[in-house]
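Enquirer: Just dropping this structure here.
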Amino acid sequence: MAHPAPISSIPLETSLLQPGLRLAVGLSGGADSVALMRVLAARATELGIVLHAAHLHHGLRDAEADRDQQFAADLAHSLGIQFHTHRVDTAAEASRGPETGKPGESIEEAARRLRYAWFRELMASRQIDAVATAHTLDDQAETVLGKFLRGAWTEGLSGIHPVVQFPEGRILRPVLSATRSQIESYLASLGQTWCEDATNRDPAYTRNRLRHQLLPELEQWNPRIREHLSHMADLARDEETWWEAEIARLVPQLLLAGRPVRGGGRAASGDSAVAVDTVRLAAQPVAMQRRLLRHAAGKLGVSLSFDATESLRQLGLQGRSGQQLALPGPLTAERTPRELRLAPHSTKAAQSSPPAEFLLPIPGEITALGRRFRAHAANPTQESNPASPATIRYWRPGDRVTLRYSSGPRKIKEVLERLKVTGVARAQWPVVEWQGQIVWMKGANLAPHPEITITSEEE
């Protein structure tokens, strides 16, 4: 029989635990989940909650995973708690990916997706109302640091949320302010064992490298780094709540449905395009401009990187009517006299009517006209101060270039004749223009520009 548990050793957010709540603990068998199970079992009567235990066998680690499943079942039985378990084939699911036709996932991503899918199934069955996971302050620090290294926006830096609401029920994190050392000290005071997952030391997993290599190194610089990263998550989460309200207030004024018609008003466009009023966009602070543009792309199911957002913002504020920009997703953004239109990219449409122009951020990279273009400042010290974007387009009569070792500029028409380019290929020959000068041309060795460098290769 398990020993009575001290009830004050681990910080527990009891405001998440309303009387009458049927709560399942995600019980992996590891130290964190075992501690959460024990502390909630000790306080269940006081809190008025009904506890369950839920263990997902991921189909990995063979006999070791079987051992963890049996350990979790035995612990739940010793505490008089109903035990739920399920088995999935994580490796097979990872190779397939989350959706048919989508790329595969990492084992970590697939395991998390399957775990939460099962939790939602349990809640949908009405056997439980919510699931508690044993995420700690250390998990929060690792999550925020990992998101920062991947270039997350503020919403990413908000890290692990104390509550996640699904249609079927809630996921709760009641020990998010507890440290791993507090967890292990608590279990030691009980004489309670737990299961060690051998993969938690495998450096092939990103989280393990953060946990065992990077964070200990950062603690040499600041012993409170984990606490500070956790505070950053709190700040980011609260600020995101404010931003969401502001975006909701401004979106009706700046995001436009359909297309403008002569004489005023708008007509249905028949596509899923989203339009942004560029005059009103320009009147907003830069931070709001970025938020609004990312919100517009998000309505089309695309999450934009910082570079893509900046390219889109420059097109909206500085672009000329007719200019276009290729975005991930894929999306195409087009500048009109008063709007910035975002629409899913159509390969067929692109083939029948090639985009007029694409903006290339400096520094940055995009795919356009069947090629991958990259731009850098010639002087690396200037990279932190982005220049105005270059324009990727097809050459036009009158365009001139300066070839390397040439005595002066030459007409592109003459260069194409020397390259023996004819027919459709000649009409659709790509160049890159920056500040009125052609700085790159397919197949030509141009004189280097003193301020920027353009490289490109076929997709």
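Enquirer: To the nearest 20 debye, what charge dipole does the range 14-226 have about its Cα centre, counting +1 at the Cβ of each Lys and Arg and -1 at the Cβ of each Asp and Glu?
Expert: For the range 14-226, the charge dipole is close to 440 debye.
Enquirer: At most 10 other C-beta atoms within 10 Å and a DSSP loop state: those are the exposed chymotrypsin sites (Phe, Trp or Tyr not before Pro) I care about. Give me the longest piece of the chain that has none.
Expert: 1-220
Enquirer: Is any residue of the range 293-317 close enough, with backbone N under 16 Å, to a label point placed 7 angstrom from the Cα of Thr154 along the Cα-Cβ axis, and if so, which?
Expert: What the label zone holds, given the 16 Å backbone N cut-off, is 293-296, 306.
Enquirer: In a shell of Cβ-Cβ distance under 12 Å around Ile392, excluding Ile392 itself, what net charge do Lys and Arg (+1) and Asp and Glu (-1) give?
Expert: For residues surrounding Ile392, the net value is +2.
Enquirer: Quick one: which residues, 5+ away or cross-chain, put their amide H under 5 Å from the amide H of Asp129? H built at 1.01 Å from N.
Expert: Residues meeting the criterion, in which the H sits 1.01 Å from N, are Arg22, Leu23, Ala24.
Enquirer: How many angstrom lie between the Cα centre of the range 275-334 and the Cα centre of the range 189-230?
Expert: 39 Å
Enquirer: Now a separate question. By its C-alpha gyration tensor, with a ≥ b ≥ c as the square roots of the eigenvalues, how is the range 151-281 shaped: rounded for a/c under 1.5, else prolate for a/b larger than b/c, else oblate?
Expert: prolate
Enquirer: Going by a ≥ b ≥ c, the root eigenvalues of the Cα gyration tensor, does the chain fall in the rounded group (a/c under 1.5), the prolate group (a/b larger than b/c) or the oblate group?
Expert: prolate
Enquirer: Given a cut-off of under 8 Å on Cα pairs at least six residues apart, what relative contact order in percent is computed for the chain?
Expert: Answer for the chain is 10 percent.
Enquirer: How would you rank Lys420, Lys442, Lys411, going from fewest to most other Cβ atoms within 10 Å of each one's own Cβ?
Expert: Lys420, Lys411, Lys442
Enquirer: So, one more: Let me know the charge dipole size of the range 356-459 about its Cα centre in debye, to the nearest 20, where only the beta-carbon of Lys, Arg (+1) and Asp, Glu (-1) is charged.
Expert: The dipole magnitude comes to about 500 debye.
Enquirer: Using the Karplus equation 6.51 cos²θ - 1.76 cosθ + 1.60 (θ = phi - 60°), what ³J(HN,Hα) coupling, rounded to whole Hz, does each residue of the range 400-417 give in order, writing x for Gly and Pro?
Expert: After applying 6.51 cos²θ - 1.76 cosθ + 1.60, I find 10, 9, 10, 6, 4, 6, 8, 7, x, x, 10, 5, 4, 4, 5, 5, 5, 5 Hz.
Enquirer: Please say if the range 14-226 is rounded, prolate or oblate, where rounded means a/c under 1.5 for a ≥ b ≥ c the square roots of the C-alpha gyration tensor eigenvalues, and otherwise the choice is prolate for a/b larger than b/c and oblate otherwise?
Expert: Taking the square roots of the gyration eigenvalues as a ≥ b ≥ c, the range 14-226 is rounded.
Enquirer: Here's something else I'd like to know. How high is the relative contact order of the range 356-459, in percent, counting Cα pairs under 8 Å that sit 6 or more residues apart?
Expert: Taking the mean separation of contacting Cα pairs over the length of the range 356-459, I get 33 percent.
Enquirer: If you filter the range 26-99 for GluC sites (Glu not before Pro), then keep DSSP loop positions with at most 10 other Cβ within 10 Å, what is left?
Expert: Counting only loop positions with at most 10 other Cβ atoms within 10 Å, the GluC sites (Glu not before Pro) in the range 26-99 are Glu99.
Enquirer: Once you keep just the Cα pairs under 8 angstrom separated by 6 or more residues, what percentage relative contact order results for the range 14-226?
Expert: Over the range 14-226, the number comes to 22 percent.
Enquirer: Could I ask something else about it? Taking the Cβ of Arg120 as the center, what net charge do the other residues with Cβ under 13 Å away carry, scoring Lys and Arg +1 and Asp and Glu -1?
Expert: +2
Enquirer: May I ask which residue of Leu12, Ser106, Asn445 lies farthest towards the positive end of the charge dipole of the chain, with charges of +1 (Lys, Arg) and -1 (Asp, Glu) on Cβ and the Cα centre as origin?
Expert: Asn445
Enquirer: Something else now. How would you rank Leu403, Leu292, going from fewest to most other Cβ atoms within 10 Å of each one's own Cβ?
Expert: Leu403, Leu292
Readers should treat all values here as calculations from the given coordinates under stated rules, not as data from a laboratory. Predicted model only: the values in this text are computed from it and were never measured. So basically every Cβ, Gly included, is an ideal-geometry build from the backbone, and we count neighbours across all protein chains shown.
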